Amino acid sequence: MAILLLLLPAAVAAFILYTIWKLRWGSPPGPFPAVLAYHKVGGFEFGGTWITPARFAGHMDRLLDSGRRFISEDEFLASLCGSRERDPGEILLTFDDAYAMLSVNAIPALAERKIPALVFVVTEYAGRDNAWELPLPGRRAAHMSWEEIRRLSDAGGVTFGSHSGFHRDLTKYPPGELDRELAASKKAMEERTGRPARSFSYPYGRVNRRVAEAVRKAGYEAAFTLYPPGKITAVDPFMLRREGVWVIDTGRSVLNKLPGSAIFWFEDVKGRSINAFAGMSLPRRRNGPSRR
Ligand SMILES: [Zn+2]
């Protein structure tokens, strides 16, 4: 009896939360491959965007064991434009910010398992230390150098996209400046890797119609956010949803973020809440070199 009295309020709260979610967002349109968004794979950091290498490898094994198939950026883009079947059992793995630690802590584990990945580079920060996250004292995370990006790109398995030039909130840019940064970042990616930069990821997932249109005009074929605002009824190539993976996520909770999960809605609310919380710490000052 006592246990029932405890469970009842929890069930009512879950029902209310589910109803709000259903009215406000609801399931994303499908069938469509899931896209996972990771950031740092390494040791303890402030913030929720890191996981340990052992936990990361555990996520990959759990997903493979569940029968999911990881696809490359090329396969994903082919599904997006309709020249390839859209399979909700497939996963595109992405990493934002191209941290140097990935070369040691994540990419070898992916190569071992033959898992392709798409990594988004902040082009003005390649080979430099991070300037927009709160670091541990005396320890700023480094971003991959152009040499490393080129090496990985040539090795295959990992492809690279742009994550802007300076990692600022693009919705705050005046139009001309936005176009210049998007074009310069694409050009830098292509000159340094010798391959087309086909995909873009919005810094902080911050996007509006104007920014999405500027990214399309700059020549990118697809652009990723995290949780698109409002109810989405069709897959928009420039407002692509990704499932954020956070420090608290287990193999089980990552599985629950995928299409077909009975508690997808719960993971969606959780991800949106963590992302909104991360957004509150958006840097007020402008990171990086001053604007031209
Ligand atoms: Zn980022």
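FYI, it's all coordinate maths here, none of it is from the lab. Predicted model only: the values in this text are computed from it and were never measured. Positions of Cβ are backbone-derived with ideal geometry, glycine not excepted, and every protein chain shown enters the neighbour counts.
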For the range 47-200, calculate the relative contact order in percent as a whole number, restricting contacts to Cα pairs under 8 Å that are 6 or more residues apart.
21
Using 0.36 nm per residue of separation minus the Cα-Cα distance, give me the extension gain between ILE263 and SER83 in nm, one decimal.
61.7 nm
Which whole-Hz couplings ³J(HN,Hα) result when phi for each residue of the range 242-252 is put into the Karplus expression 6.51 cos²θ - 1.76 cosθ + 1.60, θ = phi - 60°, listed in order with x for Gly and Pro?
10, 9, x, 10, 10, 4, 8, 7, 9, x, 5
Out of the chymotrypsin sites (Phe, Trp or Tyr not before Pro) in the range 1-98, which ones are loop residues according to DSSP with at most 10 other C-beta atoms within 10 Å?
PHE44
For VAL119, the residues 5 or more places away or on another chain with a placed amide H closer than 5 Å to its own amide H are PHE95, THR159, PHE160, GLY161
Counting Lys and Arg as +1 and Asp and Glu as -1, each charge on the Cβ, what is the dipole of the range 63-105 about the Cα centre in debye, to the nearest 20?
120
Could you name the lysines whose alpha carbon sits less than 30 Å from that of LYS257, not counting residues in the same chain fewer than 8 places away?
LYS22, LYS40, LYS114, LYS231, LYS270
Taking the dipole of the chain about the Cα centre (Lys, Arg +1; Asp, Glu -1; charges at Cβ), the one of MET189, PHE224, ILE16 that reaches farthest to the positive side is ILE16
Nearest 20 debye, what's the magnitude of the dipole of the chain about its Cα centre given +1 on Lys and Arg Cβ and -1 on Asp and Glu Cβ?
780
Order of THR225, THR250, THR123 from fewest to most other C-beta atoms within 10 Å?
THR250, THR225, THR123
Between LYS231 and ALA10, Cβ-based FRET efficiency (R0 30 Å, step 0.05) works out to 0.65
Straight-distance crosslink candidates among lysines, where the alpha carbon sits under 23 Å from LYS172 and sequence neighbours closer than 8 are dropped
LYS186, LYS187, LYS217
Could you work out the relative contact order of the chain, using alpha carbon pairs under 8 angstrom and six or more residues apart, expressed as a whole percent?
20
